[in-house]
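The block underneath contains the structure these notes are about, expressed in structure tokens.
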Amino acid sequence: MKVLVTVKRVIDPYVKVRVKSDGSGVETANVKMAMNPFCEIAIEQAVRMKEAGVVTEIVAVSIGAPQCQETLRTAMAMGADRGILVETGTTDMQPLAVAKLVKAIIDKEQPRLVIMGKQAIDDDANQTGQMVSALLGWPQSAFTSAITVNGDTADVTREIDGGLEKLTIKLPAVITTDLRLNEPRYVTLPNIMKAKKKPLETLKPETLGVDVTPRLKTLKVEEPPKRSAGVKVADVKELVAKLRNEARVI
Amino acid sequence: MSILVIAEHDGKQLKPGTTNTVTAAAKIGGDITVLVAGQQCAGAAQAAAKIAGVKKVLLADAPQYAGGVAENIAALVLTIAGQYTHILAPATGFGKNFMPRVAATLDVQQISEISAVVSADTFVRPIYAGNALATVQSADKVKVITVRATGFDAAAEVGNEGGSAAVENLAAAPDTGLAKFNGQELSKSDRPELTAARIIVSGGRGMGSGENFKILEALADKLGAAVGASRAAVDSGFVPNDYQVGQTGKIVAPDLYIAVGISGAIQHLAGMKDSKVIIAINKDPEAPIFAVADYWLEEDLFKAVPELTQELG
Ligand SMILES: Cc1cc2nc3c(=O)[nH]c(=O)nc-3n(C[C@H](O)[C@H](O)[C@H](O)COP(=O)(O)OP(=O)(O)OC[C@H]3O[C@@H](n4cnc5c(N)ncnc54)[C@H](O)[C@@H]3O)c2cc1C
Ligand SMILES: Nc1ncnc2c1ncn2[C@@H]1O[C@H](COP(=O)(O)O)[C@@H](O)[C@H]1O
């Protein structure tokens, strides 16, 4: 079974982001970038399924600037067999356009399973996987924490607000990953070297016939209001007194 | 303008985020219709009819809507989507699951988790774990929007018996047959739901074990509070996944949030920093959680928490 995995290049989750002073966006120049953590989980899942003999080939896809090549190389160092970069001129790639590009690649590649992150930690949109699935008319399992493939179907466990949910979905299908699906491996130096020799194809949105014009216009980006500095209390007694007499919340 | 709000419910009652979503709809302005889809959910439809500002309730009662399977809910919404200028749902696990399917099928760019309405086509949404707020304007014909409950007050209930809005039946769309619902494992608790609680007591890795969460539960019971957790506490297996507060868990904004043994990573702060009053208990004076806390106590939690429970007695 062939699996397609999407990987997004984002600002490293542990970097403190700074809003640009002109309100046009967030500072990305000279900022440490990384693979979106949910996409790491997606690649890890595919690699584990390949190691278990369920998957035969893993194709990693990234959409964005030429630097997304690095993200694809990381995916290949983790175990993806090859990479496809859709190089876009615009930096403002919105989920609907990404979903259409991913669908176009799926039409070409014909995977049985598509694994995506549940959320990109930059736009926090949480929609691309569900969109890809809808565009294809395929079933989806969003926020997945376990998956077992049984021939033409997959049994999945999803994280929902009240606990867990179980579904059986027909294949082909789109899965989006939640945090508890697995713990991604670290890439090793020999694997980084090996990844350099794996094939990486570059495409353009025009060749895929997809219009990527943004539908949402960002009018401004600003910092959220700051909380005023709090006070340190000496002990529990003082804390309770403050809560009762000052904050009046209990 | 005509707005469709898709309700989240348990068959009998509406889930907390739904009424906040109606408030967001009211801010956009126009006639508000609420869709209640499920199996044996007439009770929830009656509850929806009582929300102030709701003009009409559509009830789609069919077995394929049990469990809120995304493919089927989206297919149903799409049968009536053409009648509305805006389609809204709460940005909960339920809404996030099916709404992008609606948007993609309509060829619309969804606007996720809005926290404010500027005008009928312009909205504010947090990005980068709430470290930035983006004001975005949509050029799409239909606006497909998920709503962050903490950004909007809950819409009031109008008192009159039976509700004021008319409840109409909506024909079910055929079962897509794409996914089979095999049930849910819901964590049982007598405590309030996290997203509806007035007070939340949250524990982190510092709790050390699931067993130790008992001291937090004792505190929560005294306060009538819900219990939450950091990702580290969930990943370590101390508590179930649905306790997680944060960028990728639940977004909460209670009157009082008590963070115990939580360092205050940006991903955690993203889920709770809009709480009215924040208390942090941590033994590390450098813990970043102290930067957002109104009151902070630098102490061992195993001493402070039982003492706090005692003191409140
Ligand atoms: C993609 C992604 C998504 C994430 N999403 C979330 C999310 O939604 N929610 C979330 O919470 N995290 C999330 N995280 C994880 C986040 O980055 C942190 O790792 C996590 O919040 C840390 O949890 P913690 O504060 O409990 O643990 P730690 O950072 O280990 O902190 C434990 C704290 O307990 C204190 N402590 C220990 N013992 C005691 C004691 N006896 N008495 C008092 N204090 C004590 C320590 O001083 C320390 O400050 C996410 C991370 C990533 C990469
Ligand atoms: N530009 C992109 N390149 C590759 N994958 C993407 C891109 N944007 C989104 N995705 C995938 O879609 C998931 C959800 O993203 P989002 O809907 O933006 O929160 C991510 O975790 C990725 O797997």
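The values are calculated or read from the model by the stated rules, or taken from the named source; none is laboratory data. Just so it is clear, the structure is predicted and the values come from calculations on it, not from any experiment. Virtual Cβ from ideal backbone geometry, glycine too; neighbours counted across all protein chains shown.
Here are some notes:
- Taking (1) farther than 30 Å from A:A34 by Cβ; (2) more than 8 Å from every other protein chain (Cβ to nearest Cβ) in turn, A:V236 satisfies each apart from (2).
- Every residue from segment A:28-58 that is at pLDDT 95 or above and in a loop (DSSP other than H, G, I, E, B): A:V31, A:K32, A:N36, A:A52, A:G53, A:V54, A:V55, A:T56
- In segment B:258-282, the residue that is nearest to B:Y128 (Cα to Cα) out of those that are of a type in the set (V, I, T) and within 9 Å of ligand 1 (Cβ to nearest atom) is B:I266.
- Taking the conditions (1) within 10 Å of another protein chain (Cβ to nearest Cβ); (2) buried (at least 24 other Cβ atoms within 10 Å of the Cβ); (3) in contact (Cβ under 8 Å) with a residue 24 or more places away in the chain; (4) within 16 Å of ligand 2 (Cβ to nearest atom) in turn, B:G249 satisfies each one other than (3).
- Annotation: of all residues in segment B:283-308 being in a helix (DSSP H, G or I), under 31 Å from the mean Cα position of the chain (by Cα) and away from ligand 1 (no atom under 11 Å from the Cβ), the one that is nearest to the other protein chains (Cβ to nearest Cβ) is B:L308.
- Pairing residues of segment B:223-236 that are under 20 Å from B:Q267 (Cα atoms) with residues that are aromatic (F, W, Y) and assigned to a helix (DSSP H, G or I), at Cβ distances under 7 Å and at least 6 apart in sequence or on separate chains, gives B:V227/B:Y243; B:G228/B:Y243; B:A229/B:Y243; B:V234/B:Y243.
- Residues in segment A:52-85 that are free of Cβ contacts under 8 Å to residues at least 12 places away in the same chain and of a type in the set (D, E, K, R): there are none.
- Selection of segment A:1-27 for residues being within 11 Å of ligand 1 (Cβ to nearest atom) and either part of a loop (DSSP other than H, G, I, E, B) or more than 11 Å from every other protein chain (Cβ to nearest Cβ) (or both) yields A:D12, A:P13, A:Y14.
Residues checked against (1) within 16 Å of ligand 2 (Cβ to nearest atom); (2) modelled with pLDDT under 95; (3) within 20 Å of B:N212 (Cα to Cα):
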site: B:A270; (1), (2), (3): yes, no, no
site: B:P285; (1), (2), (3): no, no, no
site: B:I289; (1), (2), (3): no, no, no
site: B:D300; (1), (2), (3): no, no, yes
site: B:E307; (1), (2), (3): no, no, yes
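Residues are listed down the side, and each one gets a yes or a no for (1) at pLDDT 95 or above; (2) under 28 Å from B:I114 (Cα atoms); (3) assigned to a strand (DSSP E or B):
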{"site": "B:A172", "(1), (2), (3)": "yes, no, no"}
{"site": "B:S189", "(1), (2), (3)": "no, no, no"}
{"site": "B:A218", "(1), (2), (3)": "yes, no, no"}
{"site": "B:D221", "(1), (2), (3)": "yes, no, no"}
{"site": "B:D242", "(1), (2), (3)": "yes, yes, no"}
{"site": "B:P254", "(1), (2), (3)": "yes, yes, no"}
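- Residue in segment B:197-206 that is within 14 Å of ligand 1 (Cβ to nearest atom), farther than 23 Å from B:A70 by Cβ and surrounded by fewer than 24 Cβ atoms within 10 Å (Cβ to Cβ) present: yes
- Of residues in segment B:118-131 being aliphatic (A, V, I, L, M) and surrounded by fewer than 22 Cβ atoms within 10 Å (Cβ to Cβ), the one nearest to B:Y84 (Cα to Cα): B:A120
- Within segment B:76-111, restricting attention to residues that are β-branched (V, I, T) and in a loop (DSSP other than H, G, I, E, B), the residue that is nearest to the other protein chains (Cβ to nearest Cβ) is B:T92.
- Elements of type strands (runs of 3 or more DSSP E) contained in segment A:113-217, each with 2 or more residues being within 8 Å of chain B (Cβ to nearest Cβ), in contact (Cβ under 8 Å) with a residue 24 or more places away in the chain and surrounded by 17 or more Cβ atoms within 10 Å (Cβ to Cβ): A:140-150, A:163-170
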